[in-house]
Ligand code: UDP
């Protein structure tokens, strides 16, 4: 019987095809593989290279055609929302066909129907999987607080709290979601109805699943997780930080190095450059995989960094400055000369390895949730410049709840940039933030040890996956 159960452990995963969603799903795959699950990953053409299937020889990969062209130079929130809708519209039918095919293949070998773990943003896929009798769980790659915000949004619109109309309203507390203020809530962009519709679909996706997996930890968000569990009345598994769980499989080793599309050679160059610097002396600067900046902000950012005189390693993606396709064209005249010897610019970096390097003393981030968790997991304090989605809320937690960073909103000004960088990197205030970051890092590392809360959450998740598989298969008989 034990042998049969082991043989039947199989899980299907479908990440949303953005870097910040692919990374945690691949980490979850590695964690489940460590618990003896075999893994099938569906992924779309979009960002195909980010999945790097060659690195994971024992996963089965299945490509879903999406007929979506890649973002080039503009990635406003409204644009990204349209893209997400298009991906849902285009992928649902081909996914259904692939899923049916996989199930019929597995039926020959497996006793149980495997569970499907979907990204929260695949809101159209959940009902389709149910049609085929497949139990689903949802992976939320953002924080628990941000998911609480999604769930509360319709009521906040109804009460007139959002979308906010006047500047003074932005400072108002959102009583339902402490410690959030109106300005920490998801930005509504130019089309408030679009974001509301999207958030309602995501929340429904969570509600109709058999459980929510979140890349967070009780050490960071205990009260927020309790609220989520109460509101949804579903099991919630806070398994984070996923990338720090013990790795025992070849796939896990592969996913512990950043799963970006850049050549290993460039990664090596970054690390060697960092090796030449004293401990905690370098500011790492990266605004993730999607945000794009106003060219004026970019110029102020560049000169603020230069004027601070602090060593920096700066990721400038192609297309990360609005309407400027190439990095060289984005940098202001004279900047490279002014920062020669103190700064390094790359198009992509092995972020997790960089944050773990002893030379890093701070991280100027856009406050994407993965970047936030990765920074906390290495005890690195932050400067937070949020752009959209959950980034404003994450900033609130970093600066005011965990007190391990400073907020620096757009529009940027070079004098304020210089001040923020110096504050984080050279003052006692920065030291205090670093110490608090170190404390949180210690707490997170306890969570993933055996008997730690995130480790136990994985245990509980495994139990649910097996029981769902078993009960669904028995129903079919
Ligand atoms: N990342 C990376 N190298 C870079 C920039 C980003 O490896 O140069 C990774 C980063 O480690 C994180 C993900 O890309 O895992 C970005 O996710 P996040 O949620 O922070 O932001 P998003 O890109 O979704 O806005």
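Worth pointing out:
- Cross-chain or 6+ apart pairs with Cβ under 9 Å, the range 365-380 first and over 13 Å from residue 23 (Cβ atoms) and free of Cβ contacts under 8 Å to residues at least 40 places away in the same chain, then within 7 Å of the ligand (Cβ to nearest atom) and outside any strand (DSSP E or B): 367/288
- Considering residues of the range 202-242 that are free of Cβ contacts under 8 Å to residues at least 40 places away in the same chain and assigned to a helix (DSSP H, G or I) only, the residue surrounded by the fewest Cβ atoms within 10 Å (Cβ to Cβ): 230
- Test result for residue 380, outside any helix (DSSP H, G or I) and at pLDDT 95 or above: yes
- Residues of the range 102-134 satisfying the condition of being closer than 19 Å to residue 33 by Cα, assigned to a loop (DSSP other than H, G, I, E, B) and modelled with pLDDT of 90 or more: 114
- Number of the condition not met by residue 70 [criteria: (1) modelled with pLDDT of 90 or more; (2) surrounded by fewer than 14 Cβ atoms within 10 Å (Cβ to Cβ)]: (1)
- Identity of the residue in the range 257-289, at pLDDT below 90 and over 23 Å from residue 361 (Cβ atoms), that ends up farthest from the ligand (Cβ to nearest atom): 265
- Matching residues in the range 171-205 - criterion: being under 26 Å from residue 401 (Cα atoms) and in contact with a strand residue (DSSP E or B) (Cβ under 7 Å, 6 or more places away or on another chain): 171, 172, 173, 174, 181
- Of the residues making up the range 370-400, those that are near the ligand (Cβ under 10 Å from one of its atoms), within 24 Å of residue 448 (Cα to Cα) and in contact with a strand residue (DSSP E or B) (Cβ under 9 Å, 6 or more places away or on another chain) number 5.
- Residue 306 passes every criterion in (1) free of Cβ contacts under 8 Å to residues at least 40 places away in the same chain; (2) buried (at least 22 other Cβ atoms within 10 Å of the Cβ); (3) within 16 Å of the ligand (Cβ to nearest atom) apart from (3).
The values are calculated or read from the model by the stated rules, or taken from the named source; none is laboratory data. Because the structure is a prediction, the values reported are computed rather than measured. Don't worry about glycine lacking a Cβ; one is built from the backbone with ideal geometry, like all the others, and counts go over all protein chains shown.
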